[in-house]
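Single-structure report; data block below.
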Amino acid sequence: MRLLSHLSRRQLFAGSSVLLMVLLVGLALAVSSISSEAAADDPGVASASNPSTPAPATALPPLETADPPTSVPAEPTAKPTTTVVSPSTAKPTTTVVSPSTASAPPETIQATSTTPVVTVTTTTVATITTPAQTTSTSPPPSTTSTTSTTATPARQWGEAVLWVADHESGNVSEWTRVSVSGDADARVTDEIAHSGRFANALTIRDADGGPTSPGVRMAVEEVLPVPDQDPENLPTEAYYSVYYYFPQVVDSTWWNIYQWKQAYLRSDGSQSRHPVYTVNPELRSDGSMYLKLRSKVGPAGDYVQPGSTLATSSVALPIQSWVHLECLYRWSQAPDGRIACWQDGVLLWDVSGVVTEFDLPYNKHPRQWTVNNYANDTEPSTHTIYIDDAAVSPNRIGPGS
Ligand SMILES: [Ca+2]
């Protein structure tokens, strides 16, 4: 009984020991699995405390987490570049700049030479609004009041007059065309006027002897028809008159302010014009200016360049006051043409027995008269002259009102 009980005790002890061990082992295993789950929940802690097992799991999250941030900033950086949608905004700016810049260099000016014509219309249109408003308002703005009070009423023209340009419409539409070369333009302005409120400002820029001579030429090709004469041509004989205002003395190699021209067709079908006679201011040694008549007609009645001076004026050309120039011109391909000019009613020259028209076949408006600011190599190189009250008439008009 004792032995049995002893055995039983030993067995019980052994059995309980085994059971205890089993429990201990089980407990150890349980603790181990708990710590590994905890490590899996917190990659940061796991990667630091247990680099072996959790390492793969730990290493991935940082990479995945790191990638997005890296790629995200990368996108914004890429977007602006792509969204350099601003480039499209920048392009117009560049494009806008280039045209305006292009108008400056003489080389590009040929292409731009049309632009000043558009700009003229534009300027003029803007000016049109002004007179309409001011005319309807009795007290004109103080700024313009000087001009409008100074300005005389619009000039009254006789019924016989074939064409006039007094610019009182506020634009250059009375002229048949405006031809521009180099940096030049025509601008109807109320800064000054011979009559009414408006005159035409002709400006040339950078006439410094460069390859392109700046010039703006106001041309007349169409006037009221004269009986028994070609309605699409200027009359065989007429008086061409205009008022000039020269703000300053200009020295020049050549300066053409008034001319008769003829259109013709080139062999390739394009149209061109030759001047026949021109009127040019010249500077005397005493500093005063005077006019001279230049011929472009050769001995055989052909066009020659640069031509020759046919007559000179002994009368000084006034500065800073309106001066009237009027010429009788008789077109003729035979040596019986005539050019007689008056400055403020004083005869400057009367040249007759000369060829005044080239033998150039052309079917429409071959004769042309232009009033210009057209020159090169002048001092100053940029300057403006004003013109007003231009007319073509079968009778002499004279400088009167
Ligand atoms: Ca006027």
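Odds and ends about this structure:
- Flag if Ile192 is surrounded by fewer than 20 Cβ atoms within 10 Å (Cβ to Cβ) and within 12 Å of Ile385 (Cα to Cα): yes
Okay, residues lined up against (1) within 27 Å of Glu237 (Cβ to Cβ); (2) within 13 Å of the ligand (Cβ to nearest atom); (3) in contact with a helix residue (DSSP H, G or I) (Cβ under 8 Å, 6 or more places away or on another chain); (4) not in a strand (DSSP E or B):
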position: Arg155; (1), (2), (3), (4): yes, yes, no, yes
position: Gly158; (1), (2), (3), (4): yes, no, no, yes
position: Ser169; (1), (2), (3), (4): no, yes, yes, yes
position: Val180; (1), (2), (3), (4): no, no, yes, no
position: Asp185; (1), (2), (3), (4): no, no, yes, no
position: Ala193; (1), (2), (3), (4): no, yes, yes, yes
position: Gly196; (1), (2), (3), (4): no, yes, no, yes
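- The single residue among Ala201, Ala160, Ala126 that is of a type in the set (A, V, I, L, M), modelled with pLDDT of 95 or more and either surrounded by fewer than 20 Cβ atoms within 10 Å (Cβ to Cβ) or closer than 30 Å to Arg273 by Cβ (or both) turns out to be Ala201.
- Meeting the requirement of 1 or more residues that are surrounded by fewer than 15 Cβ atoms within 10 Å (Cβ to Cβ) and without any contact (Cβ under 8 Å) to a residue 60 or more places away in the chain, the strands (runs of 3 or more DSSP E) wholly within the range 299-401 are 303-312, 346-354.
- Index of the failed condition, Thr203 passing every other in (1) more than 24 Å from Gln262 (Cβ to Cβ); (2) within 16 Å of the ligand (Cβ to nearest atom): (2)
- Qualifying residue in the range 219-234 (condition: in contact (Cβ under 8 Å) with a residue 24 or more places away in the chain, of a type outside the set (A, V, I, L, M), in contact with a Leu (Cβ under 8 Å, 6 or more places away or on another chain) and within 30 Å of Glu159 (Cβ to Cβ)): yes
- Among the residues making up the range 253-298, those that are farther than 24 Å from Thr236 by Cα and assigned to a strand (DSSP E or B) are Thr253, Trp254, Trp255, Pro281, Glu282, Leu283, Met289, Tyr290, Leu291.
The values are calculated or read from the model by the stated rules, or taken from the named source; none is laboratory data. No experiment lies behind these values; they were computed from the predicted model shown. Neighbour counts run over all protein chains shown; Cβ positions are idealised from the backbone, glycine included.
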